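Enquirer: Could you have a look at this structure, given as structure tokens, before my questions?
The values are calculated or read from the model by the stated rules, or taken from the named source; none is laboratory data. Owing to the predicted nature of the structure, the values given are computational and were not obtained by experimental measurement. Cβ coordinates were reconstructed from backbone atoms using ideal geometry, including for glycine residues, and neighbour counts include every protein chain displayed. Accessible surface areas use protein heavy atoms only, side chains included; no ligands, DNA or RNA. Shrake-Rupley method; radii C 1.70, N 1.55, O 1.52, S 1.80 Å.
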Amino acid sequence: MELPFAESYRIKMVAPIKKSTRAEREQWLKEAHYNLFNLKSDQVFIDLLTDSGTGAMSEQQWSAMMLGDESYAGASSYYNLKTAIQNILGFDYFLPTHQGRAAENVLFSVLVKEGDVVPGNSHFDTTKGHIEFRKAKAIDCTIEEAYQTELEYPFKGNVSVEKLEKVFASTDASKIKFIIVTVTNNSSGGQPVSMQNLRDVSQFAKSKGVMLIVDSARFAENAYFIKKREKGYENKSIKEIVSEMYSYADAMTMSSKKDAIVNMGGFIAMRSESLFEQASVFNIMFEGYLTYGGMSGRDMNALAQGLDEGTEFDYLETRIKQVEYLGNRLIEFGIPIQRPIGGHAVFIDAKKLLPNIAKEEFPAQTLAIELYLEAGIRGVEIGAILADRDPITRENRYPALELVRLAIPRRTYTNNHMDVVAVACKNVFDRKEKITKGCKIVKEAPIMRHFTVKIERM
Ligand SMILES: *Cc1c(COP(=O)(O)O)cnc(C)c1O
């Protein structure tokens, strides 16, 4: 008999979590204005709000923290991180930042000006926020296949070179300085970008004289999918694949809270010394001196170790198989999810699951609310609330997809937890005909409203 799959680690430290009653959850959610971000973590049983900074570090990472060098300038921890970035990602220059959005803020302070256009594949919300805040425009050039949730296509994160051509043809050349490719593509379902596509986009960018920047939060999961799905990469190691991926990029921004398995941190890495020098000015202003930039020495040490562990096959296989496990349980129950199953999360198609909720009543937010009430599970809306208003017309934007993302923290929950999540989803699915009313916004911030929005049920 073939041996079943098991995790490539054992558990050394645990954190208790609490169940609650439906009545308690009704009360807590009302107090939270139906915004799941407002819940206290102990009001949540299984927290799938995000996989960002919520993972469990290894014993090697914890011991690396003890060796953190907290010198203001020139700390050994900085050099540990520099070496890891050079060896694993292949960039000679880097700037530490306190997290991914800070990396965007620093880099875009150099590269993005009012009226600029930044093409890419479903820009992440903070990326888009930092572009729009500078009165520039993010243009989504993701391939069309990404929008058909149940279509099995191996690289739904890919950028359409045809769409890029159109953007370049209709834009003044001086307005585009770079193309940004997000790996894996978070907003369209944790879907990977193929090596071939990175190669094509890089060639296209070169032909137009613009840079290719990789938004890298889940680069290692992307590499895992290349190994599993792209011809010619089956026998390559994750580190070899990662190295080739970045050979096509001029620079990268990183939220280390994802694939580098730390609780806080980020960086910008680049090839160009001149870009490094320009960005350094903003890094010192916004983040900190060049050799710590918003991170403590111990955090940089844990990050250097995390970059190494995060690009090991055994870890990635355990990680992605757990996400797949949850996805497959949902598919067995007939629940419509984004396919193929992504790297860090399962995305439920809320329009299909709650067919009676109009887009103006936020089907994905409605589903996220129902899931919490059902079993204390916290997911997140990836729909019209996240899509925000058009910065010029101030009209609500209704994206093609209304998704609830169930993001799985790294090395944190067991498959028993995944089973609870799957059955909770099934229970909501079974009573979908009775869910006929959605929700409405009663208060919102002018930008990135989803974090603080106040909502009422209809
Ligand atoms: C998380 C993330 C960011 C922002 O990083 P933070 O560390 O949350 O500030 C940017 N891009 C992508 C693709 C992300 O997933």
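Enquirer: Can you tell me which residue among D250, D200 is surrounded by fewer than 24 Cβ atoms within 10 Å (Cβ to Cβ), under 20 Å from V118 (Cα atoms) and touching a residue at least 60 places away in the same chain (Cβ under 8 Å)?
Expert: Just a single option satisfies the conditions, and that option is D250.
Enquirer: Would you check if Q322 is part of a helix (DSSP H, G or I) and surrounded by fewer than 24 Cβ atoms within 10 Å (Cβ to Cβ)?
Expert: Judged against the criteria, Q322 is a match.
Enquirer: Additional query: Could you tell me whether S109 is in the same structural domain as I238 (by TED's automatic domain parsing), over 23 Å from the mean Cα position of the chain (by Cα) and of a type outside the set (A, V, I, L, M)?
Expert: So S109 fails the test.
Enquirer: Restricting to the range 234-247, name every residue that is open to solvent by 20 Å² or more (accessible area, probe 1.4 Å) and either near the ligand (Cβ under 10 Å from one of its atoms) or closer than 21 Å to K156 by Cβ (or both).
Expert: First pass over the range 234-247, keeping only residues open to solvent by 20 Å² or more (accessible area, probe 1.4 Å): 234-237, 239-240, 243-244, 247.
Within the range 234-247, E234, E244 meet the criteria.
Enquirer: Are any of the residues in the range 256-279 within 16 Å of the ligand (Cβ to nearest atom), hydrophobic (A, V, I, L, M, F, W, C) and open to solvent by 10 Å² or more (accessible area, probe 1.4 Å)?
Expert: In the first step, residues of the range 256-279 are kept if they are within 16 Å of the ligand (Cβ to nearest atom); the result is 256-269.
Now narrow it down to the ones that are hydrophobic (A, V, I, L, M, F, W, C): 260-262, 264, 267-269.
Next, only the ones that are open to solvent by 10 Å² or more (accessible area, probe 1.4 Å) stay: 264.
Among the residues of the range 256-279, at least one is within 16 Å of the ligand (Cβ to nearest atom), hydrophobic (A, V, I, L, M, F, W, C) and open to solvent by 10 Å² or more (accessible area, probe 1.4 Å), which makes the answer yes.
Enquirer: Still on this structure, I have one more. Checking T127 against (1) surrounded by fewer than 24 Cβ atoms within 10 Å (Cβ to Cβ); (2) in a helix (DSSP H, G or I); (3) of a type in the set (V, I, T): exactly one of these is not met. Which one?
Expert: Failed condition: (1).
Enquirer: I'm told D308 meets every condition in (1) under 30 Å from R431 (Cβ atoms); (2) out of contact with any strand residue (DSSP E or B) (no Cβ under 9 Å at 6 or more places or on another chain) except one. Can you identify the failing condition by its number?
Expert: For D308, the exception is condition (1).
Enquirer: Which condition number in (1) open to solvent by 80 Å² or more (accessible area, probe 1.4 Å); (2) among the small types (G, A, S); (3) not assigned by TED's automatic domain parsing to the domain that holds K440 is the one that S41 fails?
Expert: (3)
Enquirer: May I pose another question? Residues being open to solvent by 40 Å² or more (accessible area, probe 1.4 Å) and in a helix (DSSP H, G or I): count how many of those fall in the range 358-413.
Expert: Counting residues in the range 358-413 that are open to solvent by 40 Å² or more (accessible area, probe 1.4 Å) and in a helix (DSSP H, G or I) gives 4.
Enquirer: If you don't mind, there's one more thing I want to ask. Take residues that are in contact with a helix residue (DSSP H, G or I) (Cβ under 8 Å, 6 or more places away or on another chain) and more than 16 Å from the ligand (Cβ to nearest atom) and tell me which of the helices (runs of 4 or more DSSP H) falling wholly in the range 1-112 contain 2 or more.
Expert: Because the criterion is at least 2 residues that are in contact with a helix residue (DSSP H, G or I) (Cβ under 8 Å, 6 or more places away or on another chain) and more than 16 Å from the ligand (Cβ to nearest atom), the helices (runs of 4 or more DSSP H) in the range 1-112 that meet it are 22-31, 59-66, 76-84.
Enquirer: Which ones in the range 447-458 are open to solvent by 10 Å² or more (accessible area, probe 1.4 Å), closer than 30 Å to R134 by Cβ and of a type outside the set (A, V, I, L, M, F, W, C)? Explain how you work it out, then say what you get.
Expert: Applying the first criterion (open to solvent by 10 Å² or more (accessible area, probe 1.4 Å)) to the range 447-458 yields 447-448, 450-452, 454, 456-458.
Of the ones still in play, those that are also closer than 30 Å to R134 by Cβ are 447-448, 450-452, 454.
Matches in the range 447-458: H450, T452, K454.
Enquirer: Between residues in the range 101-121 that are over 25 Å from G294 (Cα atoms) and residues that are of a type outside the set (A, V, I, L, M) and part of a helix (DSSP H, G or I), which pairs lie under 7 Å by C-beta distance while being six or more apart or on different chains?
Expert: Sorted first by the residue in the range 101-121, then by its partner, the pairs are G115/K175; D116/K175; V117/K175.
Enquirer: Oh, and also: Can you name the residue in the range 414-446 that is exposed (fewer than 13 other Cβ atoms within 10 Å of the Cβ) and under 23 Å from the mean Cα position of the chain (by Cα) and, of all such residues, is farthest from L371 (Cα to Cα)?
Expert: P446
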